1. Mind checking which residues of the stretch 38-69 are away from ligand 1 (no atom under 16 Å from the Cβ) and acidic (Asp, Glu)?
2. Out of the residues in the stretch 84-106 that are open to solvent by 40 Å² or more (accessible area, probe 1.4 Å) and touching a Pro at 6+ places or on another chain (Cβ under 8 Å), state the one that is farthest from Lys48 (Cα to Cα).
3. Restricting the stretch 53-83 to residues that are in contact (Cβ under 8 Å) with a residue 24 or more places away in the chain and under 21 Å from Glu23 (Cβ atoms), which is farthest from ligand 2 (Cβ to nearest atom)?
4. Are there any pairs with C-beta distances below 8 angstrom linking a residue in the stretch 28-42 that is without any contact (Cβ under 8 Å) to a residue 40 or more places away in the chain to a residue that is not basic (Lys, Arg), with the two at least 6 apart or on different chains, and if so which?
5. Determine whether Gly80 is open to solvent by less than 40 Å² (accessible area, probe 1.4 Å), within 12 Å of ligand 1 (Cβ to nearest atom) and not acidic (Asp, Glu).
6. Quick check, is Lys127 away from ligand 2 (no atom under 16 Å from the Cβ) and free of Cβ contacts under 8 Å to residues at least 40 places away in the same chain?
7. Do you know which residues across the stretch 57-68 are surrounded by 15 or more Cβ atoms within 10 Å (Cβ to Cβ) and at negative phi?
8. Considering only residues of the stretch 10-37 that are farther than 14 Å from Thr84 by Cβ and within 16 Å of ligand 1 (Cβ to nearest atom), which is most open to solvent (accessible area, probe 1.4 Å)?
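The values are calculated or read from the model by the stated rules, or taken from the named source; none is laboratory data. Because the structure is predicted, anything quoted here is derived from the model rather than measured. We place every Cβ from the backbone using ideal geometry, glycine too, and count neighbours over all the protein chains shown. All accessible areas refer to the heavy atoms of the entire protein, side chains included, with ligands and DNA or RNA removed. Shrake-Rupley method; radii C 1.70, N 1.55, O 1.52, S 1.80 Å.
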Amino acid sequence: MTDKHTGTCFCGAVAVEVTGAPEAMGYCHCRSCRSWSAGPVNAFTLWKPENVKVTQGAEQVARFEKNPTSGRQYCTKCGGHLMTDHPTFGLIDVYAATIPSLSFAPALHVNYAETVLPMKDGLPKLKDFPEAFGGTGETVPE
Ligand SMILES: [Zn+2]
Ligand SMILES: [Zn+2]
């Protein structure tokens with residue numbers, strides 16, 4: 001049986017389904033994530049695009065690109081956030097909060113140099129991004 005999780009936007013008009021397992025899970029502390037989510041940190045789960053499907057309300061989904069590396073998608077009816085497409089990574093961040101049935105198991109923190117919410121959880125704290133994603137891969141102390 002394939003692992004499957006479904007979530008919706010704030011009003012429920014848009015439904016998103018993910019299948020299989022995420023490529024990575026963690027927390028992003030960057031200013032963009034904080035500003036967009038209106039929260040101190042973004043709990044991300046990264047998926048291959050073929051494992052993410054909008055199963056309902058696709059016509060309500062809008063996309064905002066402040067920069068070409070992040071296509072932020074939201075519901076035009078309620079303004080609720082759904083996911084961020086990272087075309088340069090070839091991955092889509094379906095926010096952990098969007099798919100509550102997924103058991104969130106973070107492995108790392110990224111952009112921790114920008115944190116406003118230090119978290120002492122023993123996980124690696126990357127200053128920016130892993131090297132494979134164009135970062136320095138450097139860690140900073142908790
Ligand atoms: Zn909505
Ligand atoms: Zn971020």
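1. Of everything in the stretch 38-69, those that are away from ligand 1 (no atom under 16 Å from the Cβ) and acidic (Asp, Glu) turn out to be Glu50, Glu65.
2. Thr88
3. That would be Thr55.
4. Once the first residue is without any contact (Cβ under 8 Å) to a residue 40 or more places away in the chain and sits in the stretch 28-42, its partners that are not basic (Lys, Arg) give Ser32/Ser70.
5. Spelling it out, Gly80 is indeed open to solvent by less than 40 Å² (accessible area, probe 1.4 Å), within 12 Å of ligand 1 (Cβ to nearest atom) and not acidic (Asp, Glu).
6. No, not satisfied.
7. Gln60, Val61
8. Restricting to residues being farther than 14 Å from Thr84 by Cβ and within 16 Å of ligand 1 (Cβ to nearest atom), the top hit is Phe10.
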